[in-house]
Structures are given as structure tokens and as C-alpha cells.
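The values are calculated or read from the model by the stated rules, or taken from the named source; none is laboratory data. Please read these numbers as outputs of a predicted model, since none were measured by experiment. Methodologically, a virtual Cβ is constructed for each residue, glycine included, from the backbone with ideal geometry; neighbour enumeration extends over all protein chains shown.
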Amino acid sequence: MSAVTDPDPQLDRPALARRHAVGASSARRLLFTLLGEYVLPGEGEVWTATVISVMARLGVEEKATRQALMRTAADGWLAAERIGRQTRWRLTPRANQLLSDGADRIYGFGADRADWDGSWLLVLARATDSERAARHLLRSRLTWAGLGSPAPGVWVTTHAERLAEVERVLHDAGLAGDAQIFRARHAAGQLAAMVAQAWDLAAIAADYDAFLTAFADGTARDPLARTIELVHAWRRFPWTDPDLPRQLLPRQWSGARAAALFCRRHAQWAPGAHAAWQQESSRRDD
């Protein structure tokens, strides 16, 4: 979701949303999933009552949902419109951009990269200890772009086509003037060791295994809630998985199986979920 970045990069582990959607922070993350999955493709508008009802299906209490809406609006992602006694929320242009970029990354993620030509993007950029905001922006947004850091101040990715995105991140962090960017090819050394230093592939594989377990059962008594849970669990992988070409991945990489399961379950539950969303969208009583 974004050089637009996710509004809250501390995404939940891939598990059933019902297990963690209790606090305001979790409620806000679930709200963004709901907005991206159902509000964005429509007219970009949703009633308070609709959000409350759908979030209740996910185990979120009304108070937490209202707090999530207010906080999201205060941060500039939603605009409120009073119509009589009801409130209708509209995605701001900033939110439209964020969610559109996020949807492109989420639904295009996990495809086999058999055509990698061996090119790397190498970035030398480092914020000082006193530049905490710049350091956070640099780390969060370069991670979202698929870059890893094998050493302090060094960032690498096999996605050489993301040069423009990297340049935007450096500019926004105020580091463009001092940073160096190279297109490179690996010449010598233990490439597997460098990859292991840049990314924790074992932890990512464990998350994929948890996703596969959580959504192994195709039964969905509530397709709307189940679809939101599915997308909510999947949306963190573009943050954590650098989407490396297969020759750099361990054998039996579970990411490919997880991507296939995501597509299969989404297609399976989508008709029932859409019908339930249409019914929920008629709710207007705040």
C-alpha cells in the first residue's frame, strides 16, 4: 500500500484477524484493509454504520471502530460528511493513491520472477542518529520497495526497475544529495551469505507457513469477514518479502504456495463477500 507507504508499517503477523483485532491499533489496520478491499473499488464512500457492522463481524467493538475512523480522518486519510444524523466517510486523494498503489502491489505480488537478468540496485544512504525521522522513513519505505540492508548504510534489491521509487524515498528523507545509487552485477563472493544478511528468509518462510495453515480450510460461514481476514493477512508480505528471483531462494520456498492459495481463496469467497458488502452498504443508522 505506497512511493506511498503504509500508514502503519507495524503490520500484524499473518494469523486470523479475530485473534488480534481488539485494540485501536489493530482496528485501524483492519480498517485500512476494509477501505482498500471494498471502499476504494466503489465510489470511495462508506457510512459509519456500515463500517461498524462489518468490523463487528471481525470481532472489533464499536468503540474501537469509531476511534479508528476518527484517528484515520485526523491523519488525513478520510473526510467526514454529515448528512442528517448520519456520517458518510470519503477517501481523500491521498488515501486513494495509497490504497491504489497498495492494491497493485498486493495483487501483483508473488508472481514467478523467472526473467531476472542478474541486475541489482545498490544504494548507499545513511541517516545520522540525530535524524530519527529520516531513518524511519528510509527503512520503512525502502523495505516496502523490496530492499534489504546487508550492512549499515547499504541497501540492495534485485528490482532494478524500482530506481524511481528509491529516488523518491531518498528525496523525501532528505538524503538524496548525499546518497549514491548503482546498477550492479554480482562478480565474486558468497551471494547466499549476503542475501541472508539482508533478509531473514527463515522468518518470512515461517510466516508463509502460518498463512498456509490459517487458510487451508476453504469453508467460510461469513465470506465477507473471511475475505477481509485473508487480505489483511496477505498484505504484510509485500513489506517483509523482498520478492527475490527463485535462484536466490531456498528450495521448497513456501511463498509460491501461499500466493497460489491467496488467489484461490480470494476467488472462492469473493462472490459471497461482495453480496454481503452490498447488503452492509445500505446501513446508515449511526
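Screening the stretch 227-253 for residues that are at pLDDT 95 or above and of a type in the set (Val, Ile, Thr) and picking the one that is surrounded by the fewest Cβ atoms within 10 Å (Cβ to Cβ) gives 231. Figure legend. Inter-residue proximity from the stretch 213-237: first residues in the same structural domain as residue 266 (by TED's automatic domain parsing), second residues outside any loop (DSSP other than H, G, I, E, B) and aromatic (Phe, Trp, Tyr), beta-carbon distance below 6 Å, spacing 6+ or different chains. Indicated pairs: 220/269; 223/269; 224/277; 226/269; 227/269; 233/211; 234/262. Only one of the numbered conditions (1) at negative phi; (2) buried (at least 17 other Cβ atoms within 10 Å of the Cβ) is not met by residue 108, and that is (2). Condition first: closer than 23 Å to residue 193 by Cα, outside any strand (DSSP E or B) and among the aromatic types (Phe, Trp, Tyr). Now tell me which residues in the stretch 108-152 satisfy that. Scanning the stretch 108-152 gives 116, 144. Restricting to the stretch 228-286, name every residue that is touching a helix residue (DSSP H, G or I) at 6+ places or on another chain (Cβ under 8 Å), over 17 Å from residue 39 (Cα atoms) and hydrophobic (A, V, I, L, M, F, W, C). If the condition is that a residue be touching a helix residue (DSSP H, G or I) at 6+ places or on another chain (Cβ under 8 Å), over 17 Å from residue 39 (Cα atoms) and hydrophobic (A, V, I, L, M, F, W, C), then 233, 234, 237, 239, 244, 248, 249, 253, 258, 261, 262, 269 are the ones that fit. In the set 82, 141, only one residue is basic (Lys, Arg) and crowded, with 17+ Cβ neighbours inside 10 Å; that residue is 141.
Applying the selection to the stretch 87-117, what residues are basic (Lys, Arg) and more than 16 Å from residue 33 (Cα to Cα)? Before you say what the answer is, go through the steps one by one.
Of the residues in the stretch 87-117, the ones basic (Lys, Arg) are 88, 90, 94, 105, 113.
Selection gives 88, 113.
Quick check: anything in the stretch 260-279 small (Gly, Ala, Ser), within 20 Å of residue 146 (Cβ to Cβ) and surrounded by 15 or more Cβ atoms within 10 Å (Cβ to Cβ)? No: zero hits.
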